[in-house]
Amino acid sequence: MAGAEAQPEGAHAVGRRMMTNEEPEVKDALAALAQTRVMVVGDLMIDRYQWGAVERISPEAPVPVVKVLSTEDRLGGAANVVSNLLALGCQVATYGVVGHDESGTRLRELLLQRGAQVDGIVTDPERPTTEKLRVMAQHQQMIRCDRERTDPIGGAVVEQMVSAIEARLDDFGGIIVSDYGKGLVTPALLTKLIRLCARQEKAIVIDPKGQDYSKYRGATSITPNEHEAAMAARVPITTVGDATKVARDMLLDLKLEHMCITMGARGVLAVDADGQFRHFPAAGQEVFDVTGAGDTFISTYGGLLIAARPFFECVEAANLAAGLAVGKLGTAVVTAAELLRAAEGSDALYSVEDMAALAEQLRKAGKRIVFTNGCFDLLHAGHIQYLQASRNRGDVLIVGINSDDSVHRLKGEGRPVIGEADRAHLLTALSAVDYVVIFEEDTPLELIRAIRPDVLTKGADYTVDTVVGHELLADWGGTVELLPLKEDRSTSDIINRIVAGRGG
């Protein structure tokens, strides 16, 4: 709202954050993304991860010897923006430059696998594909090796790209420019793209780089982080008030319609040409890795802005998406389903597929994963004690709950008393529980197989060889732990006392 006061310094969000929009508006926004076609222009990169272990120091030099166990390729830079837009449901055409090398071929393959259009990627045999190799061991980055050239790309390559964009822009809602300072996003290219978008009344949203922002003049919006904005404005930013002044001055000087300054743990400041501004506190998440969070922000923000959603709605959704991204390891994407769950306040409720992917990220971050399961119908003190004990066995507790149909098959007529959505919501409110997954089968065997927990807990009324999944845990070196149960506490007993009209 106009004239809104910036939140006081130190204000922050805790716990799981909900968007202030009503759920139908969030669904409408995500539905709009599914109908949106976006061009992404920028510095394409491939991020390579080599995962390994350190067991000794090299005899040749005082450096650790990393025994490489696996290698993973991910999309980086502008390619990660493309990947995020695709995960949100957009149709995306990619424009950038790669080298005539294996990394360029691999980058194209990864984009095609995700459904991106790659006809706009130009091969320049004089340049290498930008590649960042990270060697990971003992749950941390040991070294990063970059292969790149950053001198400006010009001449025939740029003309070829601009001609291709101009020929197809009618079919797209707008352009997102991802400037990583690797040579493609020159003032000459930006001038052409901004004029082209103005002529066709298309939005152009830019993630900027460098200190000279004059090349972005006339764009629809830019999204610097606070360090980048301070460098470009040549003034320090230490408070939200400082950021507000810098954003207003830049917005007027560069003739922008909107501007965001992302501020890490302090959230996002958003300003528009009408003088309205809002400060969005950071969406509360455990931070595993900030790599690629800016890509997630501009993908969500730019996609929604190009889809003609209201400005502050775009910023709020992007802030929430970036909060989800920092909870993942390395360059990662946030899906439309994840964003909708978080907006509804149910971000801890995951599908089996999503949970399997997240569990893999947790493992790579060095987290010890504990899994348990049950119906959890009529949550009682015995459940709470058991879940707290389970959580104490590791770093993350994932709880699998039987679906309503599954509970009915196992427990009989009249069960469950509480539906699966409400049971899941109650569990996610507990500090001991990190994630909840609903499974349809009568046993969690396939869920355990997908998650691959380090620890599987069950009540002491079981024996290890009667616990579903104990063989799987043995296969990958996990353990089954039997936990004591609170006496005289069970859902069936509670139901029987209620029916008999007795308390207890």
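Every number here is computed from the coordinates shown, using simple stated rules; none is lab data. Everything numeric in this text was worked out from a predicted model, so none of it was measured. Cβ coordinates were reconstructed from backbone atoms using ideal geometry, including for glycine residues, and neighbour counts include every protein chain displayed.
Observations on the structure shown:
- Nearest 10 degrees, 0 to 90: helix 293-306 Cα axis against the chain principal axis: 70 degrees
- Tilt relative to the chain, helix 311-325 - C-alpha long axis, 0 to 90 degrees, to 10: 60 degrees
- Pairwise centroid distance, computed over Cα atoms, of the stretch 51-75 with the stretch 175-207, Å: 40 Å
- Over all other residues within a Cβ to Cβ distance under 11 Å of A229, the charged ones net out to -2, with Lys and Arg as +1 and Asp and Glu as -1.
- R0 of 35 Å, Cβ-Cβ distance A429-A308: FRET efficiency to nearest 0.05: 0.45
- This ranking places S70, S299 by how few other beta-carbon atoms lie within 10 Å of each, fewest first, which gives S70, S299.
- Ignoring lysines fewer than eight residues from K245 along the same chain, the ones with Cα atoms less than 16 angstrom from its Cα are K255.
- Computed across the stretch 59-170, the Kirkwood radius stands at 16.2 Å (inverse of mean 1/r, all Cα pairs).
- Modelled spin-label separation between D28 and K245, with each label point placed 7 Å from Cα along the Cα-to-Cβ direction: 3.9 nm.
- Mean shadow area of the stretch 363-483 over all directions, Cα convex hull, nm²: 7.1 nm²
- Per-q log10 I(q)/I(0), the stretch 93-141, q = 0.15, 0.23, 0.24 Å⁻¹ (Debye; single scatterer per alpha-carbon; no solvent): -0.47, -0.81, -0.85
- Considering only alpha-carbon pairs that sit under 8 angstrom and 6 or more positions apart, the relative contact order computed for the chain is 13 percent.
- On Cα atoms only, tilt of 102-114 relative to the major axis of the chain in degrees: 60 degrees
- Three principal axis lengths of the chain [C-alpha, angstrom, descending]: 80, 63, 42
- FRET E, pair A198, A337, Förster distance 35 Å, beta-carbon r, rounded to 0.05: 0.50
- Extension gain, T443 back to E60 (0.36 nm per residue minus Cα-Cα distance, nm): 132.6 nm
- Theoretical gain in end-to-end length, H380 to E102 [0.36 nm per residue, Cα-Cα removed]: 94.3 nm
- P(r) tail, the stretch 129-208: Cα-Cα pairs separated by more than 18 Å, 53% of all pairs.
- Filter on K132/K182; K367/K458; K182/K215 - keep pairs with C-alpha separation over 18 Å: K367/K458
- The peptide list 73-81, 123-131, put in order of mean Cβ contacts within 10 Å with the highest first, becomes 73-81, 123-131.
- Two-site FRET efficiency, Y462 against D212, from Cβ-Cβ distance with R₀ of 45 Å, rounded to 0.05: 0.10
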